[in-house]
Structure formats: structure tokens, C-alpha cells
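Working notes, structure below.
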Amino acid sequence: MSTPPAIRWEAGELRLLDQRQLPHRLEYLRIDGIPAAVDAIASLAVRGAPAIGMAAAYALAVAARRSGDVAKVLDEGGDALIAARPTAVNLRWAVERLRRRGAADGSAAALAEEAEAIHREDAAACRGIGEQGLDLIQPGDNLLTHCNAGALAVSELGTATAPMYLSHQAGVPFHVYVDETRPLFQGARLTAWELGAAGIDLTLICDSAAASLMAAGKIDLIIVGTDRIARNGDVVNKIGTLNLAVLASHFGVPFYVACPSSTFDPTTETGGEVNIEERGEEEVRQDHAAAVAAFNPAFDVTPANLVTGVITERGIARPPLGRSLLELLE
Ligand code: MRU
């Protein structure tokens, strides 16, 4: 893979690629405990649902080694990490997994082992998603993706990008339109950068160009990632995903969501129950607007009935989504 790893774990040290600075600067932050990890997650130095879960897991292992009071680290440190970003279920999932391991074996070494296992499983899940989704991409297809559900958000192949990377490796010719993804430009800064570095043919577009491209019949397939899928199949992902799903339904474009099984949250009945993170107004205003009020929800909910399928490492769930996800993943 040409993309540098978002998370490096070497000799018990945690380093996170500072994604706020991409694509201009390649700099790793050393994470020496819970406050540094909380800050990195909340400020989007590390971002993407699986990546924040993995970063939290390693941060707990680092903090446990330094503090000696493992129970307190898992309890209070775990709560602080979960609160850093409320929407992606992978964060809570990873912290709870470390807590279960800590209850069985409270050594810092055991926690590090568990975090490494999460990381390994994540890479394997991405490969599985790529293999399951490979046949969806036909020679000559034009794809559309939103935000960054690539290597930077996960590990190695990413989720939404995994079928793209594997198809590209298999020599299938295709092209990807990348939504810039306002307000923080994860598409322009991250997805375009990583797909471009891999040699995948791409065109960057304004988010608002998606409708006219679909109207002109120029999009054959949409694949996006997700931060959480509720029990009924509702999909929570980066703000603007719902726009794409509505458009896809109107123009008859297949709309797929890719995720590892850890992103399915059967304890949340519907997308309406999910706490949607609201971020600072300045992210919307940037340098363009005067000091007016701004609204900045980071995610939206796409109803299950607008989703053609969910590509997981265990297969593709198809409508009725809630039932097929339960059959596939539980
Ligand atoms: O705010 P971000 O950049 O963390 O949002 C990321 C997304 O919305 C991704 O699509 C999602 O986390 C899936 S990553 C495999």
C-alpha cells in the first residue's frame, strides 16, 4: 500500500498520523496517554470510525502501562475516550472490548495484546470487504464516494475503498469521482490523496456536483463508509451521505455502504437514536463567511430503504437490511 499507516504501534509506543495536516505534511503525533488520545480523536488528527476505535484501544494500553492503576484507566480513561466523539460505535466497541479483557487479565501487556488483535482483525476485515465487493465494480464503471473511508480511516485497504484497491490490483479499469466533503474536506485532502497515490483514476468534485453527474448518467455505483449501522439497517455516515442516497434512489444508481462487522450496532434500534456529533461553527464559516450563525452536524442518517446493500467482510447484506445484517453478523 502506498498510503502511510494512520496508526503506528512500535515497541509499545503509539503514533498517529496527524490527518489535519494532510496532504501537505506527513507528521506523526506521539500519544503518551488518555488526554493526548482524546485530543487527537476530538480534533480529527485521527478520524474514521475503525481508526478512532483502534487508537483508543492502544491509548488505553499505553495509559495502563504508565499508571499502574489499570482499573481506573479502563473506567475513567475509557469514558473520556468514548466521549471524545459520540457517533461512531467502533469507539465504544473497542473500549468495551479492552474492558472485558482487563476484567479477565488486568496487565498492561494483555491490553496491548487486545489492541493489537483489534488492529489485525480490522486489516483482515478490510480485505474481506474488498473481496466481497470486488464483483460490484465492472470494467469502465464510474464510481462515486464521499468523505474518507479509506486506508487512513481504517487500516490498509480501508472499507469503501477496499473493492477499489483490489479491482485496481486486478487490472480492472474504472474511475472514481471523489466528493470533496465539506466542511473538513476529507474527500479532497485524504481520499483523493490516497487513491491518487495508488494510481487509481479519479476526479475531485464539489459535493453539490453529484446530482448533475447522476442526472447525466455518469455514475454507475456509489460506495461509502459508515460510522454506525442501527439494528434496522439505518446508516449513519458523514454529512452529505443522505443527499447521495436520495439522489441515487431518484436516478436509479446502486448505493452501497461498506463496513466491518464492528460497525453494526444491534443495540441501537434505528438511526434516529444515534447521537449525531455537532462540531464548531467555525468549521463551516472558515474564511468565507462573516460572523453569522452556522450549523455543523458531522453526520446524517440514511434510512435503510435507500441502501442497495451493505458490504461486510462476511458477505453483502441486502434488503430487508435489518434482518439480513442480523443473520450475517450476529
Ligand atoms: O468525521 P470523520 O472524518 O471521522 O468521518 C468519517 C466518516 O464519515 C467515514 O465515512 C466513516 O467513519 C467510515 S470510515 C471506514
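The values are calculated or read from the model by the stated rules, or taken from the named source; none is laboratory data. Please read all numbers here as calculations on a predicted model, not as lab measurements. As a convention, Cβ positions derive from the backbone with ideal geometry for all residues, glycine included, and neighbour counts pool all protein chains shown.
Brief remarks follow.
- Failed criterion for SER262 (all others in (1) at pLDDT below 95; (2) more than 12 Å from the ligand (Cβ to nearest atom) hold): (2)
- Filtered residue count, region 128-140, keeping only those that are over 23 Å from MET214 (Cβ atoms) and within 14 Å of the ligand (Cβ to nearest atom): 3
- Filter result for THR270 (within 27 Å of GLU327 (Cβ to Cβ), touching a residue at least 24 places away in the same chain (Cβ under 8 Å) and buried (at least 24 other Cβ atoms within 10 Å of the Cβ)): no
- Some residue of region 215-231 being under 21 Å from VAL176 (Cβ atoms) and of a type in the set (Lys, Arg): yes
- Residues that are surrounded by fewer than 19 Cβ atoms within 10 Å (Cβ to Cβ), among the polar types (S, T, N, Q) and more than 16 Å from the ligand (Cβ to nearest atom) within region 287-330 comprise ASN305, SER324, listed in sequence order.
- Extreme residue, surrounded by the most Cβ atoms within 10 Å (Cβ to Cβ), among residues of region 65-94 that are outside any helix (DSSP H, G or I) and without any contact (Cβ under 8 Å) to a residue 12 or more places away in the chain: ASP69
- Strands (runs of 3 or more DSSP E) fully within region 141-225 counting 2 or more residues that are away from the ligand (no atom under 16 Å from the Cβ) and in contact with a helix residue (DSSP H, G or I) (Cβ under 9 Å, 6 or more places away or on another chain): 201-205
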